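I have placed the structure first, in the form of structure tokens, so that the comments after it can refer back to it.
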Amino acid sequence: MATASNAIPWGPVRSTLTEKFSFGDIKQIVGYGDLDMSRIAHLEQKPQNGASKSQLLSEIDKQVGAMDDKCRNAFVSICCEEMMRRKSDVIEELDRVLSRVGWKFSGTSLVPVDIFDIAELADIPEAAHADIQKAASRLRDGDLSGALSAACGALDAVTSDIYGRYRLGDPGKASFQERIKKSIDALEVKDSLMRELAEIGWSESDYKPLSANIEGSLNQAAFVMQKLRSDMGDVHGTKPVITALVYDSIKWSSLLLRVLAIR
């Protein structure tokens, strides 16, 4: 099962602060992140015997190093938002340095690349974008049950749209698994796959078992997500969860969403 660190790296953001911003700007930016400013109040730039940016950032490092993952993620995210607000050209630099260590921007949110590749947005229905980004952001912030709920919410949004387009009835009266299965059937995903395999030379004896097993796998993935949502999903983040299962649920939701994309 997938595993990943929840901590947004401070180092690349720190380096960009040093390169792109003045001493005074750095103080203001970190202040938005709820840093204890009294601990750096004595550091001032003066014509003589003043503090350097390196000294300022070293003191900031001490506080960041003492934060837990949740507080650090909030602090680093706020710093990035303020940096981008002040200088639009810093976005490209932040994206470059953070992508090296496995993080990318999705809108204004930072998400781990190994959990959610931003490029995947092009392959999933637009109705799911907000919820799948929310799922990745909640996962990053350590809200695992909330992440699971958002991932399922992305599938709710897409299946509701398909139910309406194809007049499949009231999606609210169907189970999560049933909604996904009926939506896949309405899009004729299985028939399309068999047709494409036949076109590249597969025999019926080869493509039928493959298609049937893929159909079964998707149905099983929908059941697993339905069960996890019932027993682990919680927008308030109060239910006990198994971390690895939640990470995998984001991947399963992305897979199902790609299948449900109307092309």
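The values are calculated or read from the model by the stated rules, or taken from the named source; none is laboratory data. Source: prediction; values computed, not measured. Cβ placement follows ideal geometry from the backbone for every residue including glycine, while neighbour counts extend to all protein chains displayed.
Observations on the model:
- Residue check for SER77: within 29 Å of the chain's Cα centre (by Cα), part of a loop (DSSP other than H, G, I, E, B) and outside the structural domain of ARG138 (by TED's automatic domain parsing): no
- Residues (part of a loop (DSSP other than H, G, I, E, B) and under 34 Å from the mean Cα position of the chain (by Cα)) located in the stretch 19-58: PHE21, SER22, GLY33, ASP34, LEU35, ASP36, ILE40
- Restricting the stretch 161-201 to residues that are without any contact (Cβ under 8 Å) to a residue 12 or more places away in the chain and under 20 Å from LEU255 (Cβ atoms) leaves a set whose member that is nearest to the chain's Cα centre (by Cα) is GLU178.
- Selected residue [in the same structural domain as VAL241 (by TED's automatic domain parsing) and touching a Lys or Arg at 6+ places or on another chain (Cβ under 9 Å)] from LEU218, LEU228, LEU193, LEU210: LEU218
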